[in-house]
Amino acid sequence: MLAFRKFASRSDACRSALCSALRSALCSALCFILFLCIAYAGTAQSPGIGFPIGFPVGTHGAAASKDGDSAAAERIFGPQWKEMARRAGIIFIGTVTANSQPRNASDSFGPVSSAIEISFSVERGVTGVESGQSLTIHEWAGAERRVMRRGQHLLLLLYPPSRLGFTSPVGGALGEVLLDASGKNVAEGKAIASLYTSAAPPGVSFLPSQALTAPALVQVNQLERAIRAARASTEK
């Protein structure tokens with residue numbers, strides 16, 4: 001009888017140890033599943049950007065996002081995109097509200113040349129203009145190679161205005177990026193091509209790089225972040 005009691009006591013101890021081990025294993029498994037869920041959620045918030053399991057979400061995710069923004073900017077503006085961002089005096093995301101016919105501009109010495117006026121509603125100002133502001137720019141009519149239509153959404157990088165108040169996109173056509181109807185993504189190549197006139201000489205194209213390469217979906221937020229980062233690195 002005493003031996004039976006000792007055996008039963010040992011069995012109870014074994015069962016207790018086994019239950020404890022099982023609870024520990026189950027807790028570890030649940031923690032691992034929770035980690036995977038957090039990792040997946042971090043990846044889903046940045047489309048096209050992932051990170052290997054084992055790296056902190058905050059640190060590696062931010063670095064991957066920065067690299068993705070730079071890659072998107074280079075695809076749209078070309079390898080000189082940082083220089084473009086730094087040279088621009090006015091950068092904003094906005095909507096065309098008016099586009100006037102060419103008129104004569106003048107200074108203190110008399111008529112200068114034909115000019116056009118283009119007005120925008122600034123949705124997000126990056127530099128040189130405030131968000132929510134109404135902005136009107138002046139360009140030489142001879143430099144006009146596109147037809148901006150009322151209601152179009154654009155990301156514009158403009159040179160600082162000249163003494164006469166004239167400006168133009170940095171890098172020519174590269175400095176103006178047509179967005180889709182939502183204003184959140186860069187328009188596809190075919191949509192961009194419809195912006196430009198067919199008055200170019202034979203064999204000469206006025207189309208910007210995004211029209212020629214027809215890149216995959218690029219969010220305007222990516223370009224904005226890349227531009228801000230490039231300008232901030234210059235100011236430091």
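The values are calculated or read from the model by the stated rules, or taken from the named source; none is laboratory data. Just so it is clear, the structure is predicted and the values come from calculations on it, not from any experiment. All Cβ positions, even for glycine, are placed from backbone atoms using ideal geometry, and neighbour counts span all protein chains on display.
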Please pick out the residue among ALA191, ALA181, ALA216, ALA229 that is under 22 Å from GLN80 (Cα atoms) and either modelled with pLDDT of 90 or more or outside any loop (DSSP other than H, G, I, E, B) (or both).
ALA229
Flag for LEU135 being among the aliphatic types (A, V, I, L, M), buried (at least 18 other Cβ atoms within 10 Å of the Cβ), modelled with pLDDT of 90 or more and part of a strand (DSSP E or B):
yes
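Residue under question is LEU174, and the condition is that it be under 18 Å from the mean Cα position of the chain (by Cα), at pLDDT below 95 and either surrounded by fewer than 17 Cβ atoms within 10 Å (Cβ to Cβ) or under 26 Å from ALA226 (Cα atoms) (or both); does it hold? Step through it out loud before you land on a result.
Values: under 18 Å from the mean Cα position of the chain (by Cα): yes; at pLDDT below 95: yes; either surrounded by fewer than 17 Cβ atoms within 10 Å (Cβ to Cβ) or under 26 Å from ALA226 (Cα atoms) (or both): yes.
So LEU174 passes the test.
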Filter result (touching a helix residue (DSSP H, G or I) at 6+ places or on another chain (Cβ under 9 Å) and in a loop (DSSP other than H, G, I, E, B)) within segment 148-159:
TYR159
Members of segment 137-178 found to be hydroxyl-bearing (Ser, Thr, Tyr) and in contact (Cβ under 8 Å) with a residue 24 or more places away in the chain, listed by number
TYR159, THR167, SER168
Picked from segment 66-75 (must be over 16 Å from LEU217 (Cβ atoms) and surrounded by fewer than 16 Cβ atoms within 10 Å (Cβ to Cβ)), the residue modelled with the highest pLDDT is ASP67
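Could you please find all residues in segment 103-132 being of a type in the set (Phe, Trp, Tyr) and at pLDDT 85 or above? So that I can check it myself, show each step before the final result.
Just the residues of segment 103-132 that are of a type in the set (Phe, Trp, Tyr), to begin with: 109, 120.
Once the filter is applied, which keeps residues that are of a type in the set (Phe, Trp, Tyr) and at pLDDT 85 or above, segment 103-132 yields only PHE120.
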